[in-house]
Amino acid sequence: MGNTYCLLGGCIDQASVGVVERWGRFEHIAEPGCHFFNPLAGQWLAGVLSTRINSLDVKIETKTKDNVFVQLVCSIQYRVVKASADDAFYELQNPKEQIQAYVFDVVRALVPMMTLDALFEQKGEVAKSVLEELEKVMGAYGYSIEHILMVDILPDPSVRKAMNEINAAQRLQLASVYKGEAEKILQVKRAEAEAEAKYLGGVGVARQRQAITDGLRENILNFSDKVEGTSAKEVMDLIMITQYFDTIRDLGNSSKNTTVFLPHGPGHVRDISDQIRNGMMEAASAQVSEV
């Protein structure tokens, strides 16, 4: 509903106040409700003011300390103070322009002292400074500043693109560092596993050879004890011949065998045993000479 009034009376809505004059001079503030006026005595309703909260969006373009042009969107919520409605009615012809002018003045004095990053971090401080200035000025004109919000900060599109590229580059750099650390850990663990595998493989080969040696020694001793007149050398030659034929059999039974040319014959087996025995004797004599 709107406010309705005529020459003799008027009805003022809730959340509104009327300004009553007598002979062109302010007389009193009319509260919401129905009022009658005496035109013969020069009394009449000069105007009606709403006491609801109004919102004014102000766009300010300014420059930061690091020479970046930004556009700030500031939302000011204000209202008429009922007790000072006569000041609001008579003092300011256009309160929105007045508020906008003070917002421009405060923001353009404060933002150039801040970098772009600082502006994003401290936009609440900017809004607080604007609120303090407007409360001090507009309060004298019968207006109360309820809230001030910095709705948005819009840098130049080229600046926003550059900021996004810098952020993306920093994240890529951080990802490369993490990836390098992960690859380093994998290589270290792989090397440790390989070293452990080689160590265990060496231990297994050593135990295998030790078992073979113990078995040969035991076989030689048993054969010498059971067959009289045989020496350890003859028993060793017999074992080597047996192993030689076992090797030939394994090569023939293998499903992935290839063609292998070997000199074959009992004499060749004896030559192999002589070479092994001579090598062991030379190694033993070399150790004695070093001592």
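The values are calculated or read from the model by the stated rules, or taken from the named source; none is laboratory data. Nothing here was measured: the structure is a model prediction, and the numbers come from that model. All Cβ positions, even for glycine, are placed from backbone atoms using ideal geometry, and neighbour counts span all protein chains on display. With ligands, DNA and RNA removed, areas are computed over all heavy atoms of the protein, side chains included. Shrake-Rupley method; radii C 1.70, N 1.55, O 1.52, S 1.80 Å.
Numbers at a glance
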read-out	value
Per-selection Rg to Rh, region 20-72 - Cα, Kirkwood hydrodynamic radius	1.45
In Å², nearest 10: area of H147 left accessible to a 1.4 Å probe	100 Å²
W23, W44, ranked by accessible area, largest first (probe 1.4 Å)	W23, W44
Extension reserve of the V203-L56 stretch, reckoned as 0.36 nm per residue once the Cα distance is removed	44.4 nm
Share of alpha-carbon pairs per 10 Å distance bin for region 22-107, given as whole %	13, 34, 24, 15, 9, 4, 1
Cβ-defined net charge surrounding G47, 11 Å radius [Lys, Arg +1; Asp, Glu -1]	-2
Accessible-area value, D57, 1.4 Å probe, nucleic acids and ligands omitted, Å²	110 Å²
Where Y141, Y90, Y199 fall by accessible area, highest first, once all protein chains stay in place (1.4 Å)	Y199, Y90, Y141
Accessible surface ranking that places the most exposed of K136, K189 first, with a 1.4 angstrom probe	K136, K189
Scattering profile of region 48-191 at q = 0.09, 0.15, 0.19 Å⁻¹ [log10 I(q)/I(0), Debye over alpha-carbon scatterers]	-0.43, -0.79, -1.05
